[in-house]
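S.K.: One structure is given below, represented as structure tokens, and several questions about it will come after.
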Protein chains: 2
Amino acid sequence: MKNGLIHIYTGDGKGKTTAAVGLAVRARGRAKRVLFSQFMKAVTGGEIAMLEKLQVRILSFKEVLSPYFHPGADLGALREKALGALEQLSVIMTGYDLVVLDEFMHLVRHGLIMEDEALAFLKRKPAAVEIVLTGRDAPGPLIEAADYVTEMKAIKHPLNKGIKAREGIEF
Amino acid sequence: MKNGLIHIYTGDGKGKTTAAVGLAVRARGRAKRVLFSQFMKAVTGGEIAMLEKLQVRILSFKEVLSPYFHPGADLGALREKALGALEQLSVIMTGYDLVVLDEFMHLVRHGLIMEDEALAFLKRKPAAVEIVLTGRDAPGPLIEAADYVTEMKAIKHPLNKGIKAREGIEF
């Protein structure tokens, strides 16, 4: 894969993380080396063990807490951890063809990563690496920097009808 | 999974099939029984062998050709094959928790399945089965019948820039 592109899956609809999972699976089917990293996921989804079975490397940054879900957390300390995670990813992504950063937009939206830091991270990416960023509310400058942007738009969402998130479907 | 819902992934953006693949993977991670059926895919995507590795059952209806890509094909014969495929799915889906019909909307859009036939198929589904339909241009009555609808909207698409579909990413 020369000239790896930057993908963004954003919007309020279902399918951002699962589309990234599906792309990881597809790439493995073509013997690509895939790294799947996650932020802001306290509960590991059903997909993670399956991705490991397919030799997708998983990196779960559980120490990078969301200030949205942990309002009392020390933002400065969290920012340091988030920037450390990006640093780590920058170093190891050279060994992969496809790198997913699941819920990356959450980091940006809640001030753990500043927009210019996110842009600098993308600029540093090795030319051959394909990157996938997911999360609601992708900011304009990131959309500008990306090649491949899909908005997952909720037309109908059962959570609005009071149906709770279900194991194996929503997580 | 009681009260299986009906999902639709539609729109012109990337991520409809991959979101269905990701959902299949997630459901397998929770030991759900998953059937993944495909229409209109002459070339098997990289994901299919991987799904089989995870014990997802694959059903590829390659004999149901697209009249869009095969303009000389006999529409009546194709319709018969498409309806036969739905009949077969109706029978075997009782043995699954999650059933994907990839590119189902293509069947409807190109006249292989009429809207009322599609609705009758959905009405027949066992209550416990969760169904996922993908494809562009989902018609209103199908959206009406579904519980969970996401529009994948192309905000930026590299194919518009003349970049060709690439193995491991687009298929």
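S.K.: Here are the criteria: (1) surrounded by fewer than 24 Cβ atoms within 10 Å (Cβ to Cβ); (2) modelled with pLDDT of 95 or more. Tell me which single one A:LYS41 does not satisfy.
M.R.: The one condition A:LYS41 does not meet is (2).
S.K.: Wholly within segment B:85-171, which helices (runs of 4 or more DSSP H) include no fewer than the required count, namely at least 1 residues that are within 13 Å of the chain's Cα centre (by Cα)?
M.R.: B:104-109, B:115-123
S.K.: Report every pair of residues separated by at least 6 positions or lying on different chains whose Cβ atoms are under 7 Å apart, first residue within segment A:39-56 and more than 9 Å from chain B (Cβ to nearest Cβ) and in contact (Cβ under 8 Å) with a residue 40 or more places away in the chain, second polar (S, T, N, Q) and assigned to a loop (DSSP other than H, G, I, E, B).
M.R.: Taking only residues 6 or more apart or on different chains, the pairs are A:MET40/A:SER66.
S.K.: Hey, among the residues in segment B:132-166 that are of a type outside the set (Gly, Ala, Ser) and over 28 Å from A:ILE8 (Cβ atoms), which one's surrounded by the fewest Cβ atoms within 10 Å (Cβ to Cβ)?
M.R.: B:GLU144
S.K.: Considering only segment B:69-85, state which residues are aliphatic (A, V, I, L, M) and buried (at least 16 other Cβ atoms within 10 Å of the Cβ).
M.R.: Matches in segment B:69-85: B:LEU78, B:ALA82, B:LEU83, B:ALA85.
S.K.: Report yes if some residue within segment A:103-111 is surrounded by fewer than 21 Cβ atoms within 10 Å (Cβ to Cβ), farther than 22 Å from A:PRO139 by Cα and not basic (Lys, Arg); otherwise report no.
M.R.: no
S.K.: Residue by residue through segment B:1-38, note down the ones that are of a type outside the set (A, V, I, L, M, F, W, C), assigned to a loop (DSSP other than H, G, I, E, B) and within 7 Å of another protein chain (Cβ to nearest Cβ).
M.R.: Scanning segment B:1-38 gives B:GLY13, B:LYS14, B:GLY15, B:ARG30, B:LYS32.
S.K.: Kindly indicate the residue of segment A:50-68 that is in contact with a strand residue (DSSP E or B) (Cβ under 9 Å, 6 or more places away or on another chain) and assigned to a helix (DSSP H, G or I) and also surrounded by the fewest Cβ atoms within 10 Å (Cβ to Cβ) among those meeting that condition.
M.R.: Filtering first and then ranking leaves A:GLU52.
The values are calculated or read from the model by the stated rules, or taken from the named source; none is laboratory data. This structure is a prediction, so every number in the text was calculated from the model and none was measured. Virtual Cβ from ideal backbone geometry, glycine too; neighbours counted across all protein chains shown.
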